[in-house]
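Everything below concerns the one structure shown next.
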Amino acid sequence: MLFNEAKFVAVGNGTTWRESHPDCSASLPHEYREQCMESENSTNTPYHQPVLLNEVMKYMIPNEGKLIVDATLGGGGHTEAMLNAGARVIGVDQDEQAHEFAGKRLGQYPSSFTPLKGNFSHLPELLASIGVDKVDGILIDIGVSSWQLDEADRGFSFGKEGPLDMRMDRSQGDTAADLVNHLPEEELRTIFYEYGEERAGSKIARRIVERRQDKPFTTTTDLADFISVIKPRPKGPTGKIHPATRVFQALRIAVNDELGALRTFLDNAPKLLNPGGRLLVITFHSLEDRIVKQFFRHASESHIDRKEWPEPRENPDYQYQMITRRPITASEEEVQGNKRSRSAKLRVVEKR
Ligand SMILES: C[S@@+](CC[C@H](N)C(=O)[O-])C[C@H]1O[C@@H](n2cnc3c(N)ncnc32)[C@H](O)[C@@H]1O
């Protein structure tokens, strides 16, 4: 079953990004900076422009003979470069549309590319389903792709009318509308505070609960417009940020259990890597980067010390050698060409 030809068809037209507002990239948080940009049809356009591509190639070293998992296949940009370098790649994504696009793009590598649909939090089971238990490298480049963010129908964008969905895997789970229309007020408030760092989280949660009794929220623009009224734009540079930005980010993280999936993935990754195998993680968000940093730091310490202990003890979770002490970020040149790369951070460890 391994390395069968990918049987997928292409979807949609291409999309390129160009800045529509001079303040877009400077003021908006995280991936939602992209929503400040407008798309235009193009024929040479990627579904998603891979970030830190040179750096991924440098640290992954995806030579012939290596078996690599790209656990966030997306448009297949990183995967394609690794296939070209000679590695065999298993491409995992939970989004059917990503597989459709990447399958078409990577159809010329029938013997070295294997697509697998699923959540990277289930990576051990997904790999076992194709008879693989260990690999030489794993990449995750988390968050949503430009395609997902730009497709009104997916419901991620506050600027485009669409169903209030936000699921990366549309075959299961609660949508953003389900959360907004059914969660208790305290849970909504916690989501807005913790995942969106939205200071008006209490007020927004309270007003959502009042409004939904009369009329449930069904579309992205309905929710975005409602938040704009509750939380008018302040004067000055921060007024350029759409008032719904943080709530949309928070809902997306909650709908897809993004932080839970990341933690489970990080717990499982050591047992999937051969000695010398590398784990590369690209994040776009301080909440995610903090989790990765702490996890890597702990798993690359041979001993742990606590002030109540007479001497340091061996660390039972000692799995890795740290390869990048500080996160790798995009060059100015890359940021010029791809604004999304501005907030990308790459961290790398190697299995002992
Ligand atoms: C930033 S894009 C990856 C882009 C890709 N590296 C490329 O070169 O085109 C992130 C992708 O990861 C997928 N994704 C995010 N979280 C996931 C998870 N927990 N399990 C599987 N796929 C996930 C999304 O559906 C999306 O397609």
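No value in this document is a laboratory result; all are computed from the given coordinates. Owing to the predicted nature of the structure, the values given are computational and were not obtained by experimental measurement. We place every Cβ from the backbone using ideal geometry, glycine too, and count neighbours over all the protein chains shown.
Points to keep in mind about this one:
- Contact annotation: residue pairs with Cβ atoms under 9 Å, 6 or more positions apart or on different chains, pairing a residue in region 197-224 that is farther than 18 Å from GLN249 by Cβ with a partner that is assigned to a helix (DSSP H, G or I) and of a type in the set (Asp, Glu), are ARG206/GLU185; VAL209/GLU185; LYS215/ASP222.
- Positions within region 93-134 being loosely packed, with under 15 Cβ neighbours inside 10 Å and of a type in the set (Val, Ile, Thr), in sequence order: ILE130
- Restricting PRO243, PRO237 to residues that are on the phi < 0 side of the Ramachandran plot and in contact with an Asp or Glu (Cβ under 9 Å, 6 or more places away or on another chain) narrows the list to PRO237.
- Residue satisfying all of: in region 269-299; of a type outside the set (Ser, Thr, Tyr) and without any contact (Cβ under 8 Å) to a residue 24 or more places away in the chain; farthest from the ligand (Cβ to nearest atom) among these: HIS298
- Subset tally (residues that are under 13 Å from VAL281 (Cβ atoms), within 22 Å of the chain's Cα centre (by Cα) and not aliphatic (A, V, I, L, M)) for region 298-349: 4
- Selected residue (criterion: nearest to the ligand (Cβ to nearest atom)) from residues of region 103-149 that are among the charged types (D, E, K, R) and touching a helix residue (DSSP H, G or I) at 6+ places or on another chain (Cβ under 8 Å): ASP141
- Filtering region 241-268 to residues that are assigned to a helix (DSSP H, G or I) and more than 13 Å from the ligand (Cβ to nearest atom) leaves THR245, ARG246, VAL247, PHE248, GLN249, ALA250, LEU251, ALA254, ASP267.
- Residue, farthest from the ligand (Cβ to nearest atom), within region 55-69, restricted to residues that are free of Cβ contacts under 8 Å to residues at least 60 places away in the same chain and closer than 19 Å to THR283 by Cα: LYS58
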